[in-house]
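Below: one structure, written as structure tokens.
The values are calculated or read from the model by the stated rules, or taken from the named source; none is laboratory data. Predicted, not measured: the structure shown is a model, and the values here were computed from it. Reconstructed Cβ throughout: ideal geometry from the backbone, glycine too, with neighbour counts over all protein chains shown.
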Amino acid sequence: MKKAAAVFSVLSLVIWACNNETKDSVEKADSANEKKIDSPGVSTQPIKADEESASFMVRAADAGMAEVQMGQMAQNKATNAKVKDFAAMMVRDHSAANDQVKSLAGARNVTLPDSVSDDHKKMANDLSKKKGKDFDKAYMDDMVKGHESVADLFEKSADKVNDTEVKTFINNTLPKIKMHLDSARAIRKSLK
């Protein structure tokens, strides 16, 4: 009976460990932040993040890392000069925004994902298989969809986030995201 209980315990631990490994980096960051926010201990951080601010920063970091990663790919694989220029702008602008998110998160002890989410990995993997004009069109399609999603995230979060500095970041960054979206739509249209 003791052997059966020991085997059951080991199996339970293995199953638990395997289940935790299936979480992508965004889910892991969310879990870590929930634990920090819910913990009753005295924070050594000067600013404690509210749940909406932490969730926003995790999603903004994920999207920003994806934009940089795909922008770097497009700088190498794109054939159209406008697409290459857009990709360079994505790397430059989203790297700067990512640095701001990291700074805000660090001051609030918010855990950010260490890599892009599984959805973004799949998108990048699918994109990497394309070449030439097909790549250019697929990249610009992804940029339109991605910036529509990010603009929506920023707009909805602006009303929900309580942290003044995070709200300022949202309000200062949203116009640039909308400019990226307009540019992506125009370039996509020119590729047809």
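Take Ala32 and decide whether it is modelled with pLDDT of 75 or more and either more than 26 Å from Phe135 (Cα to Cα) or loosely packed, with under 10 Cβ neighbours inside 10 Å (or both). Don't jump to the end; show me each part of the working.
Values: modelled with pLDDT of 75 or more: no; either more than 26 Å from Phe135 (Cα to Cα) or loosely packed, with under 10 Cβ neighbours inside 10 Å (or both): yes.
Considered against the rule, which asks whether it is modelled with pLDDT of 75 or more and either more than 26 Å from Phe135 (Cα to Cα) or loosely packed, with under 10 Cβ neighbours inside 10 Å (or both), Ala32 comes out as no.
So that you can scan it fast, the table gives a plain yes or no per residue for (1) more than 18 Å from Asp62 (Cα to Cα); (2) modelled with pLDDT of 95 or more:
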| residue | (1), (2) |
| --- | --- |
| Ala96 | no, yes |
| Leu112 | no, no |
| Lys131 | yes, yes |
| Ala138 | yes, yes |
| Ser149 | no, yes |
| Leu153 | no, yes |
| Asn162 | yes, no |
| Leu174 | no, yes |
| Ala184 | yes, yes |
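What helices (runs of 4 or more DSSP H) completely inside region 91-192 contain at least 1 residues that are small (Gly, Ala, Ser) and buried (at least 18 other Cβ atoms within 10 Å of the Cβ)? Reasoning before the result, please.
Numbers: elements: 118-128, 132-160, 164-190.
Per the criteria, 132-160, 164-190.
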